[in-house]
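A short write-up of the structure that comes next.
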Amino acid sequence: MGKVLIIGAGGVGSVVTQKCAQVPEVFSEITLASRTLEKCKKVAGLLPRAIRTSIVDADSTEQTAALIREVSPDLVINVALPYQDLSIMDACLETGVNYLDTANYEPPEQAAFSYKWQWAYDEKFRRAGLMALLGSGFDPGVTNVFCAHALKHYFDQINYIDIMDCNAGEHGHAFATNFNPEINIREVTARGKFWEEGVWKETEPLYIHQSFNFPEIGVRQMYLMYHEELESLVEHIPGLKRIRFWMTFSQEYLTHLRVLQNVGMTRIDPVDFHGCKVVPLQFLKELLPDPASLAAGYTGKTNIGCMIEGLKDGKRRKYYVYNVCDHQRAFREVGAQAISYTTGVPAMVGAKMMLTGKWAGKGVFNLEQFDPDPFMEDLARYGLQWTEVFPE
Ligand code: NDP
């Protein structure tokens with residue numbers, strides 16, 4: 001039914017490819033392309049059906065457009081790094097193909113992710129009669145759909161949203177990140193930011209924290225951070241008074257991070273080392289475990305969800321919707337840890353929404369702009385069951 005070109009054969013790319021391969025009635029042909037061909041071949045080797053593999057440098061619009069012309073897909077699924085978002089979107093515009101990704105653009109030399117660069121493509125995609133779906137991972141992605149689902153079924157108006165992301169897994173390393181270390185550390189070391197009463201408020205990094213009792217996990221400290229779905233939900237959820245994002249970290253992780261920051265290892269500007277220009281964070285990435293390699297020994301669970309408050313029929317109401325994902329269960333199914341799994345499944349589901357025409361439009365969209373029902377149904381069907389409760 002649909003031909004997809006997946007770009008990026010990392011932890012998330014491996015899961016998306018395997019999940020697409022499980023749905024041949026929608027994903028009839030799959031090509032996986034990445035910077036390193038061996039990684040694509042390794043993923044292809046895990047599959048029960050044949051796919052094509054290819055090498056591409058997605059920083060080059062020219063190379064990417066040439067590959068798109070050769071493969072002639074209905075949709076490009078970008079699960080490379082955020083740095084490649086714009087060059088791949090340009091290649092899609094040049095070749096007339098729809099686009100999906102899981103993380104918003106950020107310039108390599110500036111740790112400042114934002115939708116502003118990709119939203120600026122809206123007019124171009126509209127004029128070309130194409131659709132781009134931004135941020136179809138878990139957070140952003142499922143968390144946006146959770147909010148749209150709450151608004152559609154349980155609220156007349158949503159006033160408060162707290163997105164809470166807990167990874168209570170154990171990987172056995174003193175320090176490791178669950179997805180690309182460079183992107184992860186740039187995100188975690190940024191200043192905290194949340195939106196309240198119409199204005200953005202900033203804090204020192206990881207300054208505000210509180211404990212929360214996560215279902216199936218227990219009590220954990222969670223820290224207020226800026227996260228990309230806040231930017232789009234503020235635009236698309238009417239009546240919002242406050243939205244915040246929280247993530248849990250262990251003391252061990254925070255201590256390592258503080259030391260790395262203090263000694264300059266998280267810097268993103270090039271420093272001179274014996275006549276070579278080295279970006280300390282990129283060097284650190286080479287030393288840290290590849291997130292995909294954590295999967296085999298990873299135990300424990302993740303819990304990511306949204307606590308939402310607002311009005312229904314004039315009465316105040318509180319609603320909590322979340323998913324719990326087990327690292328070992330993800331590993332048994334697709335050889336991945338839960339962070340790659342919880343990102344890869346919604347990327348496949350978003351792609352399925354587009355290929356089956358359940359979600360259609362011309363321009364650049366975030367997930368909360370579409371009907372949440374078919375997405376929520378498929379999410380549970382393809383491995384990410386969700387639970388909803390109305391706390392007191
Ligand atoms: P990895 O680093 O494991 O994988 C990235 C892959 O992209 C690698 O295979 C890499 O190639 C490839 N790549 C990098 N640069 C290029 C390029 N110029 N051309 C072609 N391929 C390239 O990262 P993850 O799989 O952990 O993350 C993938 C994406 O998912 C990231 O954008 C991340 O931010 C996003 N993400 C989103 C989440 C969400 O919930 N929304 C959660 C987690 C991640 P090579 O192997 O050669 O380096």
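Read-outs throughout are calculated quantities, based only on the coordinates presented, and are distinct from any laboratory measurement. None of the values given here were measured: they were computed from a predicted structure. Virtual Cβ from ideal backbone geometry, glycine too; neighbours counted across all protein chains shown.
Brief remarks follow.
- Packing-based ranking of 292-298, 168-174, 54-60 yields 292-298, 54-60, 168-174, ordered from highest to lowest mean Cβ neighbour count within 10 Å.
- Computed from the alpha carbon atoms alone, the convex hull of the range 2-134 holds 94 Å³ per residue.
- Which listed pairs, of 116/193; 41/358; 19/358; 241/352, have C-alpha distances above 26 Å, in listed order: 41/358; 241/352
- Cα-based shape type of the range 99-179, given that a ≥ b ≥ c are square roots of the gyration tensor eigenvalues and the cut on a/c is 1.5: oblate
- Percent breakdown of C-alpha pair distances by 10 Å bin, ordered from the shortest bin, for the chain: 5, 24, 35, 26, 10, 1, 0
- With K and R counted +1 and D and E -1, the other residues having a Cβ less than 15 Å from that of residue 301 yield a net charge of -2.
- The range 316-361: C-alpha gyration tensor shape, a/c 1.5 cut-off, then a/b vs b/c: oblate
- Counting every other Cβ atom within 10 Å of each residue's Cβ, 154, 105 order from fewest to most as 154, 105.
- Relative exposure of 100, 86, 281, judged by other C-beta atoms within 10 Å (fewest first): 86, 281, 100
- Summed side-chain charge close to residue 105 - residues other than residue 105 whose Cβ falls under 11 Å, Lys, Arg +1, Asp, Glu -1: -3
- Order by protection proxy (mean Cβ within 10 Å, highest first), peptides 189-198, 75-84, 157-166: 75-84, 157-166, 189-198
- Based on Cα contacts under 8 Å between residues 6+ apart, the range 2-134 shows a relative contact order of 22 percent.
- Only beta bridges with both residues in the chain are counted; by DSSP, about 60 percent of them are antiparallel.
- Theoretical FRET efficiency, 1/(1+(r/R0)^6), r = Cβ-Cβ of residue 282 and residue 57, R0 22 Å, to 0.05: 0.85
- Net +/- balance of residues flanking residue 15 in space, Cβ distance below 14 Å, scoring K and R +1, D and E -1: +4
- Cβ crowding within 10 Å, taken as a proxy for footprinting-reagent exposure, orders 183, 268 from fewest neighbours to most as 268, 183.
- Length released on extending from residue 290 to residue 38, taking residue separation times 0.36 nm less the Cα-Cα span: 89.2 nm
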